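Comments concern the structure below.
The values are calculated or read from the model by the stated rules, or taken from the named source; none is laboratory data. All figures in this text were calculated on a predicted structure; none of them were measured in a lab. Glycine gets a Cβ as well: all are built from the backbone with ideal geometry, and neighbour counts include every protein chain shown.
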Amino acid sequence: MTFVSENKNNQANNSNINTSNASSSNDASTSANTKPSSSPVSPPSYVSAVSSPSSSSSESLQATVKHVREQSIAAALDLSDKIDSLKQENEALNAHIVALQNQLATEKSEADNFSHTLANRIDILERYIQNDAKFEDKKKREVQEVQVMAQKNTELINERISTVEDQLTKSFQEFEDRRTKELQLFTDTFKSLRQRCDELKVELVQQIQLTAKQAMDTATNTATIQETLASNTLADLGKTVRDAMELCNSKLQKVATESDTLQAVVEGTGEDIKILHERVVGLETEFDDMREEIRSDLSEMNGALGAMEVDVHNMKRELHARFAPEQEKTDAANNDDDNNIF
């Protein structure tokens, strides 16, 4: 457009130059033609005769020049108006070109900014994708670690349960064996004590019968001795008889003492049997208490195992609660970036 305007301006200038040259040549010719007529010298008669046609042609030429000058002036005015209008159009076109250039620069800047923003968004999305992949790998590793830890804990718990069961079974077996041996020992002891008690009872009865027989014999002998001592022939034997009677009395006291001792032994044997019975009852009570303690220990172990399972469950839930919000934030950020981009 600028080149066209310059061409039009050059053409207009050339036409103005040609018009002014033509006007100058016309003025020169007119002045050349008019100079002879302005001479004050009156021509001779032959000259006037000859110059009458020349004056008419000069007037015709002047009229032509005037007409041409008017046309040139009108053409120059028209050309000047056209030049002005072309200048205005050229200025308008230049302003429009400047506006278009500014708009193009603005759009180019906006396009560059959008391209830069889009590149940044793409870079951010790539980093988000990489971070998401890293987070997924980390989450998978942590889940695998938790599973391995849970498996190890389960194996350790099962191993401990098996160990405790073996120990309890062994303890029960040892306790049963010891209880069986003690019961067998108590039974044998009780049988031997019962047998000894029966033997003591038999011996006591025999000793009582023997003592009664000896007492009867002693009483008979005493009566015989008294009758003998009452006679005069046996007066000298009184002291001997009295000594014999004292000896018999001492033997009777000794027999009574032995009888009391045997009775005490029998009573002590009954006490021993009673003590053994109480000991058996006490052992049974201890066995029941031990059984209750073992059951309580098993209940506590079951509670501890349940608590460990709850801890593992809470650990899994804490890991899920720790990493789920980050995953949701990452997904939300990715969704926001996608919405901003599109």
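Out of everything in the range 161-189 that is over 18 Å from Glu293 (Cα atoms) and either touching a helix residue (DSSP H, G or I) at 6+ places or on another chain (Cβ under 8 Å) or outside any helix (DSSP H, G or I) (or both), what residue ends up being modelled with the lowest pLDDT?
By that ranking, first place goes to Phe186.
Looking only at the range 157-176, how many residues end up being over 38 Å from the mean Cα position of the chain (by Cα) and β-branched (Val, Ile, Thr)?
Going through the range 157-176 one residue at a time, the tally reaches 1.
In the range 72-127, what count of residues is obtained for those that are touching an Asp or Glu at 6+ places or on another chain (Cβ under 7 Å) and acidic (Asp, Glu)?
If we filter the range 72-127 for residues that are touching an Asp or Glu at 6+ places or on another chain (Cβ under 7 Å), which is where we start, we get 121, 124-125.
Now narrow it down to the ones that are acidic (Asp, Glu): none.
Total meeting the criteria: 0.
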